[in-house]
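First comes the structure, then the notes that go with it.
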Amino acid sequence: MKLGIINSAFEQVGMDTRTGLEHIARIGFDCVDIFTEAMELKASQARDIERTCRQLKLPIISLPVVAVGLIDFNAPVRRFHLERCKRFMDLANRWGASNILLV
């Protein structure tokens with residue numbers, strides 16, 4: 001079993017992603033869930049998160065995503081959220097995460 005935490009636990013107190021990940025590793029967590037927005041995440045930010053987690057030996061296990069629009073009555077809304085989930089799956093694949101977590 002591994003002990004993990006979501007990175008937003010540190011972002012909620014105004015801490016930048018890198019510093020939050022450093023604290024997560026220092027405290028002794030085995031892995032991390034990365035809460036981000038795949039539709040707006042810049043390539044440089046994605047590389048920085050990937051590099052930081054690799055340096056800290058902190059595997060990314062999952063990417064939580066809120067996608068309530070998947071069940072919307074309007075087809076354009078469903079299509080947008082489906083595309084958004086696909087971007088999250090691509091990002092999870094890039095980072096070696098095993099899943100996305102629909103919340």
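Within the set 78, 87, the sole residue that is at pLDDT 95 or above and farther than 28 Å from residue 44 by Cβ turns out to be 78. Pairs linking a residue in region 12-27 that is at negative phi to a residue that is of a type in the set (Ser, Thr, Tyr), with Cβ atoms under 6 Å and 6 or more positions apart or on different chains, are 18/52; 21/52. Considering region 1-91, the qualifying helices (runs of 4 or more DSSP H), each wholly inside and each with 2 or more residues that are over 12 Å from the mean Cα position of the chain (by Cα) and buried (at least 17 other Cβ atoms within 10 Å of the Cβ), run over 17-27.
The values are calculated or read from the model by the stated rules, or taken from the named source; none is laboratory data. Predicted, not measured: the structure shown is a model, and the values here were computed from it. As a convention, Cβ positions derive from the backbone with ideal geometry for all residues, glycine included, and neighbour counts pool all protein chains shown.
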